[in-house]
Amino acid sequence: MQSKYNLSGKTALITGGGQGIGKSIVLGLAEAGADVIINYRSNTQLAEETAEEVKSLGREVWLWPFDLAQEDVLENYQKFISENHCPSVDILVANASHQIRNPWERVTSEEFALQMNVNVRSTLFLIQGVVPHMKVKKWGRILNIGSVQEKRPHPDMCVYAASKGALSNLVINLAPQLAPLGITVNSLAPGAIGTARNITALSNPEYLKKTVQKIPLGYIGEPDDCAQLVLLLCSEAGRYITGCNYFVDGGMSLLF
């Protein structure tokens, strides 16, 4: 009997898929049989290394170098799909995000716009891009990657936290509209995960200690902890789950 986690014949687009959580999601979906489109902004080397790992799994892979802060997200996506003869996207994982640490009273208009454009605006327009094909197939998976900061805001990242909260709200708005089309829409909110983005802060012993004290399970998570839930939500195994937001945070969102 074929596994409900088998994604053979599906194509997944993962934004920010060259490293960190995004890379783990790419490899997790590829291992399950999906071909993948990896969006990345500037680190070509990491994206290409991830692509080689996908190829080693016997899957097709395309690299989409594009900065999601740009205004022409939808147009560039459509152009890329057309010019590279990519199959229509069955699974969209909106993982890319921009995070700027700055106290709220020092946030500039440029910092605000950058975070909102990458984290929220690009997600909406990519959803506009993939839904028409999902509608035809009567099957689709859309997953936004949020943050534990939706529940536990960080004093130096109020805009980032707000943008992630907006993604959760986008989920509950779109899920009932897309459900009749066979498309599920969910969100996954990571907690303290050991990625390159967090390595500087977590390398500080005092900061690490304070962070771990806020996590009931008592340790920093790994990118693959997120990827395993992504596989559930983006496969047939998760067909009856939509409009939900799942915290992958070791219980961090429960403590204040």
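None of the figures in this text is laboratory data; all of them are computed from the coordinates on show. On a predicted model such as this, the values are computed, not experimentally measured, just so you know. Cβ coordinates were reconstructed from backbone atoms using ideal geometry, including for glycine residues, and neighbour counts include every protein chain displayed.
Relative to the longest principal Cα axis of the chain, at what angle does helix 44-56 sit, 0 to 90 degrees, rounded to 10?
50 degrees
Please state the relative contact order of the chain as a whole percent: Cα pairs under 8 Å, 6+ residues apart? Write out the running numbers ahead of the final one.
Details: 483 pairs, mean separation 51.8, N = 256.
After rounding, I find 20 percent.
Set the Förster distance to 51 Å, then compute FRET efficiency between Gln213 and Ala179 from the Cβ-Cβ distance, nearest 0.05.
In this case the efficiency is close to 0.80.
Taking the Cα-to-Cβ direction at Glu71 and at Ala113 and moving 7 Å from each Cα, how far apart do the two end points lie in nm?
So the two model labels end up 0.9 nm from each other.
Under 1.5 on a/c is rounded, so check that first for the stretch 11-254, then, if it is not, pick prolate when a/b is larger than b/c and oblate when it is not; a ≥ b ≥ c are the square roots of the alpha carbon gyration tensor eigenvalues.
Here the stretch 11-254 falls in the rounded category.
Quote the FRET efficiency, to the nearest 0.05, computed for Leu255 versus Ile172 with a Förster distance R0 of 22 Å and r equal to the Cβ-Cβ distance.
0.35
Within the stretch 6-35, list the residues whose amide N lies under 13 Å from a label point set 7 Å along Cα→Cβ of Glu49.
Answer for the stretch 6-35: 18-20, 23-24.
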